[in-house]
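**Student:** Submitted below is the structure of interest, expressed as structure tokens.
The values are calculated or read from the model by the stated rules, or taken from the named source; none is laboratory data. Here the structure is a predicted model, which is why all the values come from computation and not from measurement. So basically every Cβ, Gly included, is an ideal-geometry build from the backbone, and we count neighbours across all protein chains shown. Note: accessible area is taken over every heavy atom of the protein model, side chains too, but ligands, DNA and RNA are not part of it. Shrake-Rupley method; radii C 1.70, N 1.55, O 1.52, S 1.80 Å.
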Amino acid sequence: MEEIYLEYRADIKNYFEAAKYFTKSKIKRNIFDRIMEIVVLLIGVFMFTIGNFILGMIFVVFSLLFILRIFEKGVTYLYFKIYISKMGVQKLFVSHDKMRYEREDISSEIEWSYYKGFIETPNTVLLLYGKRNYSVIPKAAFSEGKLKKFISLLQEIFPA
């Protein structure tokens, strides 16, 4: 396989999409989270009914922050603004053996064994590593042919 070269800048929309699909991929945790969000909301409603309006408001606000995914979006936004947006142009050189990542101040070769798998979303490809980490690669950085080759390579490296 010939090397695939990509050059791109991070986009906040891609990071919001990545966070949404990554969370969806953790379905067991997601069901537990939903149950806890409803329990916290019910506690808040209960606090209102017994006259403890301040505590009731705190529980309701926190449950709504999590139910509406506002907290998750806020964390993603802060992470993007503090770290990712300052990266500038990012370059990837992808081969069958490894991937080379470059930007202004970093050049690093990454073996495919570093990654645990991938998730394809409508506008991004997430390369999973660690327990809760992923690299976001925008599909817009690929030409149509390169994207198909890249996805095929990922499917070969990380069979379902």
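**Student:** In the set S85, S113, S108, which member is part of a helix (DSSP H, G or I), small (G, A, S) and free of Cβ contacts under 8 Å to residues at least 12 places away in the same chain?
**Tutor:** S113
**Student:** If you go through segment 104-116, how many residues are over 21 Å from A19 (Cα atoms) and open to solvent by less than 60 Å² (accessible area, probe 1.4 Å)?
**Tutor:** Residues of segment 104-116 over 21 Å from A19 (Cα atoms): 104-113.
Next, from what is left, pick out any that are open to solvent by less than 60 Å² (accessible area, probe 1.4 Å): 108, 110, 112.
Total satisfying the criteria: 3.
**Student:** Just give me the residues in segment 117-150 being open to solvent by less than 20 Å² (accessible area, probe 1.4 Å) and not in a loop (DSSP other than H, G, I, E, B), in sequence order.
**Tutor:** If the condition is that a residue be open to solvent by less than 20 Å² (accessible area, probe 1.4 Å) and not in a loop (DSSP other than H, G, I, E, B), then G117, T124, V125, L126, L127, V136, I137, P138, F150 are the ones that fit.
**Student:** Based on this model, can you work out whether K91 counts as of a type in the set (K, R) and more than 15 Å from Y5 (Cβ to Cβ)?
**Tutor:** So K91 does not fit the description; no.
**Student:** Okay, moving on. Answer yes or no as to whether K91 is outside any helix (DSSP H, G or I) and either open to solvent by 40 Å² or more (accessible area, probe 1.4 Å) or polar (S, T, N, Q) (or both).
**Tutor:** Yes, satisfied.
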